[in-house]
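Some notes on the structure that comes next.
The values are calculated or read from the model by the stated rules, or taken from the named source; none is laboratory data. This structure is a prediction, so every number in the text was calculated from the model and none was measured. Using ideal geometry, Cβ is built from the backbone for each residue, glycine included, and neighbour counts are taken over all protein chains shown.
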Amino acid sequence: MSKKPKTEHEVESAIIATEEFKKNTMAAKLNWLRAGVLGANDGIMSTSGLILGVAGATTDRAQILVAGVAAVVAGSISMAGGEYTSVSAQKDSEKAALAVERKELRDNPEGELKELAWFYEQKGMSPKLAEQVAIELTSQDALKAHAEAELGIDSDHHVSPGQAALSSFVAFAAGGMLPLFAAMGDAHLRIYLVIGSVVAALTLTGFVGAKIGGAKPARGIVRNLAVSLLTMGVTYVVGHLFGTTIA
């Protein structure tokens, strides 16, 4: 039995749906990539700052190594824990909002339909078209339609606290290991090696972060480097002053 050929409207709708799916999928990937870049930045900046702070107080390689490893481990766990808590709270809030919306749909379906149509009117649709769209979306999945229009969330998918925590842990640790390895080089070149590695790494992450956000790379790179160099400079001076005082 031959299939009925699709109308022009059905073909157009299928294309739009496919494109929207691709956009949503890409947006989700970019969000994870952006979080990874930020986590790596934190690891690079905080670890390099601590290492140079200790290096300002002592040239002992073992002490610098211990301090650097402690910074990477503590920072990674802290980032993962903070991300887990934050994302868990977001997930709980989304579930609570969906529960309220589900109850409203059950108790007052007609009022909710009018409310959904009103949302589409605010987006520029005519009242008649907005009502038609609201009716069709409600007939397919009322909760999903209201969640997307009113709450801006996807009722079928929730962010994963575990995945967010793991990605933050890995990103911070990866970023922090770079200045740590650089600090294990020659004692006379240690500070220059750390600074050089940090500048190279932050130039890369600044460029990637700017591209993800659609901004000019130069501004993101300069901002990254300025904050990091200031951090390393201040901690080195503090470490040097305290090291001299204690000695």
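Structural remarks
- Taking the numbered list (1) more than 30 Å from R61 (Cα to Cα); (2) crowded, with 18+ Cβ neighbours inside 10 Å in turn, A182 passes all entries but (1).
- Looking across region 175-184 at every residue that is over 16 Å from the mean Cα position of the chain (by Cα) and assigned to a helix (DSSP H, G or I), the one that is farthest from A35 (Cα to Cα) is identified as A183.
- Top-ranked residue in region 207-218 [being free of Cβ contacts under 8 Å to residues at least 40 places away in the same chain and buried (at least 16 other Cβ atoms within 10 Å of the Cβ); ranked as nearest to G49 (Cα to Cα)]: F207
- With respect to (1) closer than 28 Å to H157 by Cβ; (2) of a type in the set (A, V, I, L, M); (3) modelled with pLDDT under 85, the lone exception for M79 is condition (3).
- Within region 144-167, the residues that satisfy the criterion of being surrounded by 15 or more Cβ atoms within 10 Å (Cβ to Cβ), over 30 Å from S76 (Cα atoms) and either in contact with a Leu (Cβ under 7 Å, 6 or more places away or on another chain) or not aliphatic (A, V, I, L, M) (or both) are K144, A145, H146, A147, E148, A149, E150, S155.
- Residue within region 211-218 that is assigned by TED's automatic domain parsing to the domain that holds G68, of a type in the set (A, V, I, L, M) and under 19 Å from the mean Cα position of the chain (by Cα) present: no
- Residues of region 124-168 that are more than 28 Å from the chain's Cα centre (by Cα) and outside any helix (DSSP H, G or I): G124, M125, S126.
- Residues in region 51-73 that are β-branched (V, I, T) and farther than 14 Å from L193 by Cβ: 6 in all.
- Selection status of D60, surrounded by 12 or more Cβ atoms within 10 Å (Cβ to Cβ), of a type outside the set (K, R) and modelled with pLDDT of 85 or more: yes
- Test result for A210, at pLDDT 85 or above and assigned to a helix (DSSP H, G or I): no
- Pair list, Cβ under 8 Å, 6 or more apart: region 219-240 residue farther than 23 Å from D60 by Cα, other residue assigned to a helix (DSSP H, G or I) and basic (K, R): none
- For first residues located in region 101-117 and free of Cβ contacts under 8 Å to residues at least 12 places away in the same chain and at negative phi, partners that are in a helix (DSSP H, G or I) and of a type in the set (A, V, I, L, M, F, W, C) and lie 6+ apart or on another chain with Cβ distances below 7 Å do not occur.
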